[in-house]
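Data block below; observations after.
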Amino acid sequence: MTALIPPRLRNDTFAMPQGVTWVPVAEALDRLRAALHPVTGTEDVAVACAMGRVLAAPATARRSNPPLPNSAVDGYGFAHAATGDGVQRLPLAEGRSAAGQPFDGVLPQGQALRILTGAVLPEGVDTVVLEEDCATDGQTLAFDGPIKPRANTRKAGEDVAQGEQALPAGRMLSPADLALLTALGVAQVTVHRRLRVAVLSTGTELIPDPALPAAPHQIYDANRPMLLSLLAGWGFQPVDLGHALDEPDQIAALLDRGAAEADAILTSGGASAGDEDHVSKLLGDSGTLTSWRIAIKPGRPLALAMWQGVPVFGLPGNPVAALTCALIFARPALLTLSGAGWRLPQGYTVPAAFQKRKKAGRREYLRARLNEGGAVEVFQSEGSGRISGLSWATGLVELPDEACDIAPGDPVRFLPYGSFGVSFGG
Ligand code: AMP
Ligand code: MG
């Protein structure tokens, strides 16, 4: 099968209409969703190796589950038509039917046969009585009637029938999906090629590796290990571009590499409009930058641009803002590029264990975690430099765009980290 290569994104992918100033989060998400489409080709992989991969075509059952009618319990099988009310006594036939060892023959009407869980129902058996409900001397079987027709049996294909769609295109395969496909005789699936996502940190103050010495005015690059591992957890193929000083030539060279080696690029730092914000300057000069002034805290600004046909998500340098923007914006965007489709996190309404007054005009995300009583606490400081709060939290509380005055016990929306398709913290 030849791999399909979808069209590249257009250079004006991230264009905003003139005059737009502050974009609400919901509108920014709608715009991103409308602008993006899958960019990966496809490949065939063995089901056993397909965990986390995204189906590019529906998977169809090659055989039924179960393939033949079988017994759901250990017991005795017979034809229901020969039984009635009251104590039933049936002669036991020779032999038995066990899983993988079917009974070779037809059971005469009025007789019973030993049958075990998962064993095929022989011809002449449509009903099974549970072993615990029977008495037997090895010659005769006795149990109390009536018994329901087809009791304790499974019909062929009652789970999934041969030829039925087992899973739709766009499905991100789970361990349970691998069990389902394998049971249905599916050995190979056509999946989207893994989305390759490059990560670049920018900042003259950064030291790339905590094993290296750092002068007091320097800081370690905290964003890169965070973003690379986040991407790997989402099933993408991370591409480490390392780190660039705040120098346009260095950033440009690494963006070139990213565009050659990846399907999308995440940068962090240098995305605002300051003197040393070379990422946004450079992307501006390349002619395809839109700085989306999104009404969100933390996380402004988000620079979106195309670099040699590859989308660039310019995240803020602050680790708290970088992670928030990655979870809220980059995740659904990258999932769309990967073929998995647009996905927003599933939130839960829980009582607040905090107090907060907030003005109208922007959406806010607070580092939060559930306490033992099921109420949600927030980190004591909203300072966006406090990485320890990200680590303390098990998710985010989302406060709406409107003004609100929250008192303990009021309902708030909690988004566990797990609802962003990753499991960490706590
Ligand atoms: P910027 O967005 O470049 O203005 O950076 C905002 C803040 O985040 C500054 O205090 C930077 O030093 C810090 N910062 C930028 N990149 C990183 C990084 N990779 N790791 C840790 N802190 C960073
Ligand atoms: Mg900077």
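The values are calculated or read from the model by the stated rules, or taken from the named source; none is laboratory data. On a predicted model such as this, the values are computed, not experimentally measured, just so you know. Counting neighbours? That spans all protein chains shown, and the Cβs are built from the backbone with ideal geometry, glycine included. Note: areas computed on protein heavy atoms with side chains; ligands, DNA, RNA excluded. Shrake-Rupley method; radii C 1.70, N 1.55, O 1.52, S 1.80 Å.
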Taking a probe of 1.4 Å, how large is the accessible area per residue of the range 348-420, in Å²?
50
Portion, in percent, of the accessible area of the range 70-154 that falls on carbon or sulfur, probe 1.4 Å
46
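I'd like the FRET efficiency for Ile207 and Ala57, computed as 1/(1 + (r/R0)^6) with the beta carbon distance as r and R0 of 60 Å, rounded to 0.05. Present the calculation step by step, with values, prior to reporting the outcome.
Working: r = 46 Å, r/R0 = 0.77.
Taking R0 as 60 Å, the efficiency between Ile207 and Ala57 is 0.85.
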Over the heavy atoms of His217, what accessible area does a 1.4 Å probe trace out, to the nearest 10 Å²?
140
Binned Cα-Cα distances of the chain, short to long, each 10 Å bin given as a whole percent
4, 18, 21, 18, 13, 10, 9, 6, 2, 0
Given the candidates Gly409, Val312, Ala79, the one whose Cα lies deepest towards the positive end of the charge dipole of the chain, counting +1 at each Lys or Arg C-beta and -1 at each Asp or Glu C-beta, is Val312
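Ignoring ligands, DNA and RNA, what accessible area per residue does the range 70-154 give at 1.4 Å, in Å²? Write down the numbers at each step before the final one.
Values: 4470 Å² over 85 residues.
Here the per-residue accessible area is 53 Å².
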What does the accessible area of Met16 come to, in Å² to the nearest 10, when a probe of 1.4 Å is used?
40
Could you give the length gained on full extension between Ala253 and Arg413, defined as 0.36 nm per residue of separation minus the Cα-Cα distance, in nm?
53.4 nm
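Could you compute the FRET efficiency for Leu4 and Ala260, with r as their C-beta to C-beta distance and R0 at 35 Å, rounded to 0.05? Before the final figure, lay out the partial values.
Details: r = 21 Å, r/R0 = 0.60.
That pair, Leu4 with Ala260, gives E of 0.95.
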FRET efficiency for Gln355 and Ala161, Cβ-Cβ distance as r, R0 = 35 Å, nearest 0.05?
0.05
Between the range 370-426 and the range 236-310, how many Å separate their Cα centres?
28
Stokes-Einstein D in µm²/s, Kirkwood radius over Cα pairs - the range 70-154 at 10 °C with 1.306 mPa s viscosity
130
